[in-house]
1. Relative contact order of the chain: what whole-number percent is it, with Cα pairs under 8 angstrom and at least 6 residues apart?
2. Over the chain, average the accessible area per residue using a 1.4 Å probe and give it in Å², no decimals.
3. Along the stretch 54-66, what does the Karplus equation 6.51 cos²θ - 1.76 cosθ + 1.60 (θ = phi - 60°) give for ³J(HN,Hα), rounded to whole Hz, x for Gly and Pro?
4. For 69, 52, 46, give the ranking by accessible area with the largest first, probe 1.4 Å.
5. Could you tell me what percent of the accessible area of the chain is made up of carbon and sulfur, with a 1.4 Å probe and every protein chain present?
6. Of the labelled options [x] -0.30, -0.81, -1.20; [y] -0.71, -0.97, -1.13; [z] -0.41, -0.85, -1.17, which one gives log10 I(q)/I(0) by the Debye sum over Cα atoms at q = 0.09, 0.16, 0.22 Å⁻¹ as computed for this structure?
Amino acid sequence: GVFISFGSDGATVEDARVVVGGASRTLLVAEKTAELLKGSRLDQGTFSSAATAMGAEIAKDPSLDPRQTLEYRSALAVGFLYKAFLAARPALPPALQSTQESIVPASARPVSSGT
């Protein structure tokens, strides 16, 4: 999960916390990633730096579960970080608005008719 609060200008990150589960052997509080966000604006450069930092933090103590690779787990965590970046924006272009829709669990969807 990601927590972001902004300063009085509404654009500069004042405080941030990043927590990742499942990618490392224990719940990862990604302190370096969060520190990198503080004082920054949420732009592409900040995202790229944060994604790199998060990958490095995960790689220090990766999960030993053999079912998924470190690369897969890191990519998944970075995807959630990207979604948090988008959610923090005041408005999204139409092509990105679906990123903020809730996932409907399979049990709540109707059965497909096959057509």
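The values are calculated or read from the model by the stated rules, or taken from the named source; none is laboratory data. Owing to the predicted nature of the structure, the values given are computational and were not obtained by experimental measurement. In case anyone asks, the SASA skips ligands and DNA or RNA and just uses the protein heavy atoms, side chains included. Shrake-Rupley method; radii C 1.70, N 1.55, O 1.52, S 1.80 Å.
1. Working: 128 pairs, mean separation 23.1, N = 115.
The value is 20 percent.
2. Details: 7560 Å² over 115 residues.
That works out to 66 Å² per residue.
3. Per residue, the Karplus-derived 3J(HN,Hα) values read 5, x, 5, 5, 5, 5, 5, 8, x, 4, 8, 5, x Hz.
4. Working: 69 80, 52 100, 46 15 Å².
Descending accessible area places them as 52, 69, 46.
5. That fraction is 58 percent.
6. Correct label is [x].
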